[in-house]
Structures are given as structure tokens and as C-alpha cells.
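To keep things clear, I will list the structure first and then write my remarks on it.
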Amino acid sequence: MMEQIKLCPLMEEAIDDSTCFDIHMVVEGVAPLRTVPKKVQENEKRAEICESCPHHRKD
């Protein structure tokens, strides 16, 4: 099965499902910040942006 590509407002580019999941896990506080791209690490509004994204996981 191919990974889906989606536009990420936080990264300001298309990302795959794995990257989206990693960002979600950091925003939810269950993964360390070092597991996401530097661009996400440096954005202090990462949680606000991610949680308002239409692709944000609700599970």
C-alpha cells in the first residue's frame, strides 16, 4: 500500500503519512521533539497549527 501525501500547513509542503504521524505524536506529547523535522521543532505554534489541520488525527 502506498503512503498518502498531504499538504502540511506546519511544514508548508507536502508530507507523507509517516511524517504526519510523527508530528501528531509530538504535538500530543507522546514522542520527543527530536523525532520531527527541524522546521517543526523550531515552530512554537506547532500544536496550534497541527491541531487545526484537516489531516490532524483524532485517534
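Okay, here's what the table says:
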item	result
Residues of the stretch 17-42 satisfying the condition of being out of contact with any Leu (no Cβ under 8 Å at 6 or more places or on another chain), under 13 Å from ARG57 (Cβ atoms) and not in a loop (DSSP other than H, G, I, E, B)	ASP17, SER18, THR19, CYS20, PHE21, ASP22, HIS24, MET25, VAL27
ALA14 being farther than 13 Å from HIS56 by Cβ, modelled with pLDDT of 95 or more and assigned to a strand (DSSP E or B)	yes
Selection status of ALA47, assigned to a loop (DSSP other than H, G, I, E, B), out of contact with any Leu (no Cβ under 9 Å at 6 or more places or on another chain), surrounded by fewer than 17 Cβ atoms within 10 Å (Cβ to Cβ) and modelled with pLDDT of 95 or more	no
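Per-residue answers, yes or no, for (1) in contact (Cβ under 8 Å) with a residue 24 or more places away in the chain; (2) basic (Lys, Arg); (3) in contact with a strand residue (DSSP E or B) (Cβ under 7 Å, 6 or more places away or on another chain):
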{"site": "MET11", "(1), (2), (3)": "yes, no, no"}
{"site": "PRO32", "(1), (2), (3)": "no, no, no"}
{"site": "LYS45", "(1), (2), (3)": "no, yes, no"}
{"site": "ARG57", "(1), (2), (3)": "yes, yes, no"}
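The values are calculated or read from the model by the stated rules, or taken from the named source; none is laboratory data. Everything numeric here is computed off the predicted structure, so don't read it as measured data. Quick reminder, even Gly has a Cβ in these numbers, built from the backbone with ideal geometry, and neighbours come from all protein chains shown.
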